[in-house]
Amino acid sequence: MFDQAGLEMGNNVLVYSTGPLTERVRIFGTPRVSLYCSTSAARTDFTAKLVRVKANDTAEFICIGIARSSWLFAESGFVADKIHLWEFDLEPTSCLFAAGERIRLEIASSAFPLYDR
């Protein structure tokens, strides 16, 4: 796990966080993302990253997933400027979030160099 704070300060990532948890939350398995969005690009990727935010505001990477328009919409065809439903899995994980921590989801259009362009 490494601190995500620097990555979250860019203007190319959407960050969604819960409030502080009132009790422990266990996540086990393969998280799945459902994202409705559009883009003017002819082809694109979307990544989703699950992050643990500690009580001291340290943001720790848990797992990530990527969807590429070229394979997600291979059968139906991808159309720019149209709202599409992007459904994809993140990496399998097992995590225990403590009371007081927050669960964060980061959405971006790339995760280079982890995923090649």
Within the stretch 43-58, tally of residues that are of a type in the set (A, V, I, L, M) and surrounded by fewer than 16 Cβ atoms within 10 Å (Cβ to Cβ): 1
Residue count, the stretch 71-110 (criterion: hydroxyl-bearing (S, T, Y) and touching a Pro at 6+ places or on another chain (Cβ under 9 Å)): 1
Hits in the stretch 45-100 (condition: in contact with a helix residue (DSSP H, G or I) (Cβ under 8 Å, 6 or more places away or on another chain), part of a loop (DSSP other than H, G, I, E, B) and either on the phi > 0 side of the Ramachandran plot or of a type outside the set (F, W, Y) (or both)): D57, T58
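Name the single residue, out of those in the stretch 17-42 being under 30 Å from D81 (Cβ atoms) and out of contact with any strand residue (DSSP E or B) (no Cβ under 8 Å at 6 or more places or on another chain), that is surrounded by the most Cβ atoms within 10 Å (Cβ to Cβ).
Just the residues of the stretch 17-42 that are under 30 Å from D81 (Cβ atoms), to begin with: 17, 31-42.
Now drop any that are not out of contact with any strand residue (DSSP E or B) (no Cβ under 8 Å at 6 or more places or on another chain), which leaves 39-42.
Numbers: T39: 16, S40: 7, A41: 12, A42: 10.
Restricting to residues being under 30 Å from D81 (Cβ atoms) and out of contact with any strand residue (DSSP E or B) (no Cβ under 8 Å at 6 or more places or on another chain), the top hit is T39.
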Test: S70 is in contact (Cβ under 8 Å) with a residue 60 or more places away in the chain, open to solvent by 50 Å² or more (accessible area, probe 1.4 Å) and over 20 Å from L14 (Cβ atoms): no
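The values are calculated or read from the model by the stated rules, or taken from the named source; none is laboratory data. Please read all numbers here as calculations on a predicted model, not as lab measurements. Quick reminder, even Gly has a Cβ in these numbers, built from the backbone with ideal geometry, and neighbours come from all protein chains shown. With ligands, DNA and RNA removed, areas are computed over all heavy atoms of the protein, side chains included. Shrake-Rupley method; radii C 1.70, N 1.55, O 1.52, S 1.80 Å.
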